[in-house]
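Working notes, beginning with the structure itself.
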Amino acid sequence: MKHPKTVWVTGASSGLGLHTAQQLGKAGWTVIAGARSFRELETRDGIIRLPLDVTDEESVRAFCDRALEISPWVTAVVQCAGVLVLGSCEETSMEEYRRVMETNFLGMVRMNRQVLPVMRAQGEGRIVLFSSINGLMGIPFQNAYTASKHAIEGYAEGLQMETRPFGIQVTLIEPGDHRSGSDRYRGHAAGMGPDSPYAAAYGSATARIHHDETHGSDPDVLGRKVARLLEKRRMPFRKRIASPDQHLAVYLHKFLPARWNEAILRSYYVRREKKSGGKIGAGRGRER
Ligand SMILES: NC(=O)c1ccc[n+]([C@@H]2O[C@H](COP(=O)([O-])OP(=O)(O)OC[C@H]3O[C@@H](n4cnc5c(N)ncnc54)[C@H](OP(=O)(O)O)[C@@H]3O)[C@@H](O)[C@H]2O)c1
């Protein structure tokens, strides 16, 4: 029997999640989208919206139950929910580290724990996890975020090995910088102030990060690529969606000695560092 193409998309109120949900809708999928800012069940622009907080077990369970009432078959789950807190390793608080890990990594774990039994019973299903090129290499002042994305990368490898026999396919999406227009989510670690010993380097790095994102790739193109990926009979395990220079950076990171990588990335992000250099907030931080 042919089942309807139903996809759940987390973090679909803005940015890459929203663009992906829209492109999937255009491609004929029944899209059930979740985010904290969706207060109640609402269908708008062909997308069914449900409240979802991936840090809250009960909210995740309620989302899955309601989504299954709407459509008892789930072809795919695309997990985009994420936050980014910029800050130095030293001055990012434990609460901020926890919030990032709870959302970006454990949020996926929570969702998968709910959806895996459903997909196993179906004998098929697709799980698409939004990582980042930061899941493959670290950069300064995105440490909690980078750690969460590295966690996703390792977790996904085991997840795929365990679930392939049940007909479940897992794909990691590794975006480079995209103009997701997510400025309202930007935030710095509360501990980052003008007296920080990292202030100059931080100002330089956040200005660079801000520049790269505002000049990043088109999020609609990413959404279309994800939609095309879901149509493939066999999805690749990793799909990097990034500019040529970001592809090159990941490639070099893999093969160059660590000290060379450090020098290249540090000079890229902290090249304007000097005593009177950048200042905190030159590029605004971001949660995503
Ligand atoms: N933009 C880029 O350049 C880029 C690059 C690499 C990777 N990525 C990844 O792509 C994904 C989307 O990033 P983005 O830049 O498009 O971010 P964004 O615009 O800030 O979107 C983040 C989304 O996550 C949702 N969200 C946050 N906390 C949540 C929670 N606890 N429960 C449910 N939803 C939650 C937000 O909605 P609510 O606030 O309404 O909950 C929002 O819809 C993230 O995983 C990010 O790491 C983005």
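List of remarks:
- The GluC sites (Glu not before Pro) of region 90-132 meeting both criteria, a DSSP state outside H, G, I, E and B (loop) and at most 16 other C-beta atoms within 10 angstrom of the site's C-beta, are GLU90, GLU124.
- DSSP-defined beta bridges in region 1-69 - what % are antiparallel, rounded to 5: 25 percent
- Pair ARG39, GLU69: separation of 7 Å Cα→Cβ label points (nm): 2.0 nm
- Computed over region 79-192, the ratio Rg/Rh where both radii use C-alpha atoms and Rh is Kirkwood: 1.02
- Cβ-placed point charges (K, R +1; D, E -1), dipole of region 45-126 about Cα centre in debye, nearest 20: 420 debye
- Order by protection proxy (mean Cβ within 10 Å, highest first), peptides 233-246, 68-81: 68-81, 233-246
- Considering only beta bridges that DSSP places wholly inside the chain, some 10 percent are antiparallel.
- Ranked by the mean number of other Cβ atoms within 10 Å of their residues, highest first, the peptides 187-193, 166-172 fall in the order 166-172, 187-193.
- Among TYR268, TYR202, TYR251, TYR155, the order by Cβ neighbours within 10 angstrom, fewest to most, reads TYR251, TYR268, TYR155, TYR202.
- Once the Cα atoms are used to define both axes, helix 199-214 deviates from the longest principal axis of the chain by about 40 degrees.
- Each of GLU95 and ARG120 was given a label point 7 Å from its Cα along the Cα-to-Cβ line. The distance between the two points is 3.8 nm.
- If only the Cβ of Lys and Arg carry +1 and only the Cβ of Asp and Glu carry -1, the dipole of region 1-159 around its Cα centre is close to 640 debye.
Each reported figure results from applying straightforward, stated rules to the coordinates on display, with no laboratory input. Please read all numbers here as calculations on a predicted model, not as lab measurements. Backbone-built Cβ (ideal geometry, glycine too); neighbour counts: all protein chains shown.
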